[in-house]
Each structure stands twice: as structure tokens, then as C-alpha cells.
Amino acid sequence: VQLQASGGGLVQTGGSLRLSCAASGSIFTFNVMSWYRQAPGKQRELVAQITSAGITNYAGSVKGRFTIFRENAKNTVYLQMSSLKPEDTAVYYCNYVSRSLDYWGQGTQVTVSS
């Protein structure tokens, strides 16, 4: 499975961005796709995840501001980020898990200026 993430960039505090991650290759029907992020000097953390059935889970720090959704026909997951804060600055990584196999995208930089 290959994951291609896009959509990062520079935005001001309070702004919005949408990240996309397209999966290709041997995609299984039942899977979980997630967004993680890693800020400089910090550990990678889960931001949001969504199952192939549409069940979602969010980190407390982004709940109410970020929305994860997916288009199964396109094997693509999105992360709509609103009300961005400087502390959201990080490299965001897409993750795909299915049948105990775990894949990562290349990461996309999100920078929120104050």
C-alpha cells in the first residue's frame, strides 16, 4: 500500500486547511485510516482516525476543530482543520492499517503562524 499525502502549508491562527491522503495498491475493504502529527522535539501523536465503516475517533486537543472523513471509492481520507492554532504546527502523517499491516505516508508540513 502506498500513501500520498498533500494539502499542508502555512496558515494564520484561526485559519483552515484540508489535508488529503490517497491510498493505492492492495486496499482491503476493512481498514482504519488515521492522521498523526509530530511537532519538533515531540513524539508522534494520533490526531484522528476513521474506520472503513465511518467510525471516527479524535484527540481531545482537536475535537470540535478537526474533521476526518473519507471517500472509500477513491481510497482517500481527508482531514479538515479549522480554527488552527500555533500548537497545531507539525508534520502530519497519514496512516493505513489493515490485517495487522501498517503503512505510513511521507508527511506534510502544517505551519500555523501567530
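The values are calculated or read from the model by the stated rules, or taken from the named source; none is laboratory data. Small disclaimer: the values here were computed from a predicted structure and weren't measured. Cβ: placed from backbone, ideal geometry, glycine included. Neighbour counts: every protein chain shown. The protein model used for the area step is the full one, side chains on, heavy atoms only, and it has no ligands, DNA or RNA in it. Shrake-Rupley method; radii C 1.70, N 1.55, O 1.52, S 1.80 Å.
Share of carbon and sulfur in the accessible area of the chain stands at 50%, probe radius 1.4 Å. For VAL91, the accessible surface of its heavy atoms amounts to roughly 40 Å² (probe 1.4 Å, protein chains only, rounded to the nearest 10). The magnitude of the dipole of the chain, with charges of +1 and -1 set on the Cβ of Lys/Arg and Asp/Glu and taken from the Cα centre, is near 80 debye.
For the chain, what is the accessible area per residue in Å², given a 1.4 Å probe and the full set of protein chains?
On the way: 5990 Å² over 114 residues.
Averaged over the residues of the chain, the accessible area is 53 Å².
Residues TRP35, TRP104, ordered by accessible area of protein heavy atoms at a 1.4 angstrom probe radius and largest first, appear as TRP104, TRP35.
Looking at the square roots a ≥ b ≥ c of the eigenvalues of the Cα gyration tensor of the chain, which shape do they give, rounded for a/c under 1.5, prolate if a/b is larger than b/c, or oblate? Note, shape of the chain comes out prolate.
Measuring with a 1.4 angstrom probe and ignoring ligands and nucleic acids, ILE27 comes out at about 50 Å² accessible. Taking all protein chains together, ARG99, ARG37 sort by accessible area into ARG99, ARG37, largest first [probe 1.4 Å].
In order along the range 20-25, the phi-based Karplus estimate (6.51 cos²θ - 1.76 cosθ + 1.60, θ = phi - 60°) of 3J(HN,Hα) comes to 10, 9, 9, 9, 9, x Hz; Gly and Pro are listed as x.
Derived scalar couplings between HN and Hα for the range 56-72 equal 10, 8, 10, 5, x, 6, 10, 4, x, 10, 10, 10, 9, 8, 9, 10, 4 Hz in order, rounded to whole Hz, by the Karplus curve 6.51 cos²θ - 1.76 cosθ + 1.60 (θ = phi - 60°), x for Gly and Pro.
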